[in-house]
Protein chains: 2
Amino acid sequence: MNATAPKGRGRPKVRPQALAGQAPAAREKPADKEQRIYAAIVDRVMEQRLKPGTRLPEAALCELFGVGRTLVQKVLQRLAHDHIVELRPNRSAIVAMPSREDVGKLFEARRALEAAVLPLVAAHASRADYASLRRQLRKERDAMHRYAQTEWAGLASAFHLRLGELSRNPMLHRYLAEIISRCCLVVALFQPPGNATCEHDEHGRVVDCLEAGDVAGAQRENDRHLRDLEAHLQLVEEDTDLSLADMLGLSARS
Amino acid sequence: MNATAPKGRGRPKVRPQALAGQAPAAREKPADKEQRIYAAIVDRVMEQRLKPGTRLPEAALCELFGVGRTLVQKVLQRLAHDHIVELRPNRSAIVAMPSREDVGKLFEARRALEAAVLPLVAAHASRADYASLRRQLRKERDAMHRYAQTEWAGLASAFHLRLGELSRNPMLHRYLAEIISRCCLVVALFQPPGNATCEHDEHGRVVDCLEAGDVAGAQRENDRHLRDLEAHLQLVEEDTDLSLADMLGLSARS
DNA sequence: CGGGGATTTTTTGTCGACAATTAAAGGTTT
DNA sequence: AAACCTTTAATTGTCGACAAAAAATCCCCG
């Protein structure tokens with residue numbers, strides 16, 4: 001827990017280290033500030049630098065980002081709408097902690113959304129888009145070989161996010177982005193570091209099918225990939241009950 | 001425009017009449033207040049009592065609902081997040097005005113979501129659920145026969161919302177709810193009063209197929225229904241350009 | 001040693017105030 | 001009559017202050 005060192009009586013301050021080093025930009029529009037703060041938090045959640053249950057007090061965010069409480073509250077509400085963060089009355093915001101009941105529903109929704117997105121990708125993606133996707137896959141594979149867990153977790157998700165972008169449907173893109181963020185939280189919570197979440201070949205096979213115009217094939221590969229991912233979580237879940245308690249500390253959710 | 005009567009120099013207040021009569025409840029939890037205000041606004045948008053472009057000043061909402069600005073701002077942000085309302089820097093919130101580019105994307109997303117939801121409905125719905133759906137269809141038909149436009153607009157949407165509920169997937173349900181609200185705004189903006197938006201038979205046919213376990217049939221019927229609805233908007237669109245200017249007043253969007 | 005209570009501090013929710021921005025009305029000029 | 005300017009008032013964004021709730025620590029007692 002990133003609380004300050006105990007100094008005596010009273011409640012110690014909470015300052016999440018993962019967000020350190022956010023220099024405020026001079027003369028920035030409020031909307032840009034808001035977006036910068038939002039993105040900083042989302043990125044660290046996606047990269048698993050901010051773990052589920054981590055406290056995000058307003059005052060800490062104000063200091064770290066050099067902004068007032070009004071803006072911080074706005075960002076936190078926004079993050080809560082996207083289920084990245086949980087807000088609780090009279091208590092500090094925390095990085096969201098998906099429940100076990102959420103997991104199946106999230107994957108169900110994700111399969112539906114990705115199945116919906118793939119035909120649109122096939123309809124809209126250019127050769128340059130596919131080339132860019134393959135570059136992304138290479139970066140992903142490199143990160144996996146370097147065992148750079150946080151980088152790779154971000155990149156693995158980024159592939160799926162990119163599919164949402166390529167659908168050219170802003171609504172589906174946004175919903176998929178939300179679902180993927182939430183799946184990242186699930187992975188961060190229920191799977192120990194070091195385990196493969198998305199294997200390189202799976203993404204490559206989806207892209208192969210798309211590029212060949214085989215939408216049904218891409219949907220099948222992707223569906224299988226997502227089901228594998230979900231099943232992998234279920235398998236690991238039994239073994240990680242003890243490490244889960246470790247991960248959460250005594251009572252991140254008393 | 002629901003501005004107060006002109007009294008001389010100065011800017012008149014804006015007080016949307018559609019929201020009148022919101023008595024504040026005594027001793028209500030903040031979260032309940034928030035939800036009450038949110039629901040009141042959403043309902044009136046869905047029933048087309050609050051038209052796209054209608055201004056919703058914070059002070060007016062504070063008075064009408066008997067709450068402070070903090071809560072109002074929170075609700076407005078939430079409504080903006082759901083695309084019911086648009087927030088603009090230094091200007092009052094307005095009921096959202098979908099652009100023409102939005103329309104196609106909305107319907108595309110809606111078709112995808114409803115297609116995803118229908119198999120889940122078929123998997124989960126009980127006989128009681130179908131009976132309830134049919135009761136809803138009867139209410140819808142009654143409202144249509146009474147030419148109760150606002151009631152019927154609400155009920156027509158309610159059918160689709162109910163499908164989202166019956167999917168038992170909270171994420172898909174929420175996304176569909178948002179899309180349907182936004183489609184209501186599209187209808188309110190682009191289609192004159194009195195035109196049928198959802199015909200009774202179409203909903204009935206979807207329910208028939210579902211109850212018979214014919215998911216593909218339900219998807220086909222529903223897809224056709226949504227495509228008809230969209231096409232209907234496009235047809236009417238050419239004829240309503242003048243009434244659109246009427247509807248918006250001189251410059252609801254200067 | 002463990003539990004409970006008191007104390008201290010942190011943190012959130014809310015309000016009022018103020019300044020900046022915006023919108024509408026009235027008056028003036030072309 | 002239309003365009004422009006001035007005046008007036010509404011409205012939003014933000015901050016500081018305060019009270020309530022919550023969390024952590026310390027102390028005391030059994």
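The values are calculated or read from the model by the stated rules, or taken from the named source; none is laboratory data. If you're wondering where the values come from, they're calculated on a predicted model, not measured in any experiment. Glycine also receives a Cβ, built like all others from the backbone with ideal geometry; neighbour counts cover every protein chain displayed. With ligands, DNA and RNA removed, areas are computed over all heavy atoms of the protein, side chains included. Shrake-Rupley method; radii C 1.70, N 1.55, O 1.52, S 1.80 Å.
Take the conditions (1) farther than 17 Å from A:A188 by Cα; (2) open to solvent by 60 Å² or more (accessible area, probe 1.4 Å); (3) assigned to a loop (DSSP other than H, G, I, E, B); A:K51 misses just one of them, which is (1). Within segment A:80-94, restricting attention to residues that are in contact (Cβ under 8 Å) with a residue 12 or more places away in the chain and within 10 Å of DNA strand C (Cβ to nearest atom), the residue that is surrounded by the most Cβ atoms within 10 Å (Cβ to Cβ) is A:A93.
Can you find even one residue in segment B:58-70 that is open to solvent by 30 Å² or more (accessible area, probe 1.4 Å) and not in a helix (DSSP H, G or I)? Yes, the conditions are met somewhere in segment B:58-70.
Answer with yes or no whether A:K51 is in contact with a Leu (Cβ under 9 Å, 6 or more places away or on another chain), among the basic types (K, R) and within 16 Å of DNA strand D (Cβ to nearest atom). So A:K51 passes the test. Pick from B:P119, B:P98: which is within 14 Å of chain A (Cβ to nearest Cβ) and more than 14 Å from B:L163 (Cα to Cα)? One residue alone meets the criteria, B:P98. Among the numbered conditions (1) part of a loop (DSSP other than H, G, I, E, B); (2) within 14 Å of A:L189 (Cβ to Cβ); (3) within 13 Å of DNA strand D (Cβ to nearest atom), the only one that A:E86 does not meet is (1).
Within segment B:67-81, is there a residue that is more than 16 Å from DNA strand D (Cβ to nearest atom) and either more than 13 Å from the chain's Cα centre (by Cα) or under 28 Å from B:E230 (Cβ atoms) (or both)? For segment B:67-81, residues more than 16 Å from DNA strand D (Cβ to nearest atom) and either more than 13 Å from the chain's Cα centre (by Cα) or under 28 Å from B:E230 (Cβ atoms) (or both): absent. Counting only helices (runs of 4 or more DSSP H) that sit wholly inside segment B:95-190, those with at least 3 residues that are within 28 Å of B:R55 (Cα to Cα) and open to solvent by less than 20 Å² (accessible area, probe 1.4 Å) are B:100-124, B:149-166, B:170-190. Would you call A:Q77 surrounded by fewer than 19 Cβ atoms within 10 Å (Cβ to Cβ), within 16 Å of DNA strand C (Cβ to nearest atom) and at pLDDT 95 or above? Spelling it out, A:Q77 is indeed surrounded by fewer than 19 Cβ atoms within 10 Å (Cβ to Cβ), within 16 Å of DNA strand C (Cβ to nearest atom) and at pLDDT 95 or above.
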